[in-house]
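The values are calculated or read from the model by the stated rules, or taken from the named source; none is laboratory data. Note that the structure is predicted; figures quoted are calculated from it, not measured. As a convention, Cβ positions derive from the backbone with ideal geometry for all residues, glycine included, and neighbour counts pool all protein chains shown.
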Amino acid sequence: MKQSAIVIDKRDNVAMALRKLERGEYIQLKIEDRIIDITLSQTIPCKHKFALKDIELGGAIIKYGEVIGLATRKIIKGGHTHVHNVEGLKGRGDKQ
């Protein structure tokens with residue numbers, strides 16, 4: 001079975017879609033010795049992120065094992081995680 005998404009680092013709370021993923025699609029990801037089951041709440045474009053767990057308003061978005069942004073609203077598990085609901089931190093001198 002072809003992999004549908006990838007988690008870069010075990011500390012990440014988002015995964016990246018390796019193809020367009022449809023709303024309602026069931027994804028199972030193995031991260032080290034744990035399995036995460038996710039039913040996508042939104043369509044996720046290829047190479048976009050989705051939440052592996054609920055992320056509260058102001059919560060850290062973690063990819064590559066690093067905080068890359070903050071949630072500008074609550075993001076539910078399986079939700080599209082992108083510029084519409086994330087304030088980026090990388091490349092900003094005022095928020096490092």
Subject >> Yes/no for Ile35 being farther than 19 Å from Asn85 by Cβ, surrounded by 14 or more Cβ atoms within 10 Å (Cβ to Cβ), at pLDDT below 95 and of a type in the set (A, V, I, L, M, F, W, C) >> reply: no
Original post:
Identify, please: which residue in the stretch 45-75 is aliphatic (A, V, I, L, M) and over 10 Å from the mean Cα position of the chain (by Cα) and is, among those, surrounded by the fewest Cβ atoms within 10 Å (Cβ to Cβ)?
Top reply: Leu57
Original post:
Does the stretch 26-52 hold any residues that are of a type in the set (A, V, I, L, M, F, W, C) and not in a strand (DSSP E or B), and which are they?
Top reply: Leu40, Cys46, Leu52
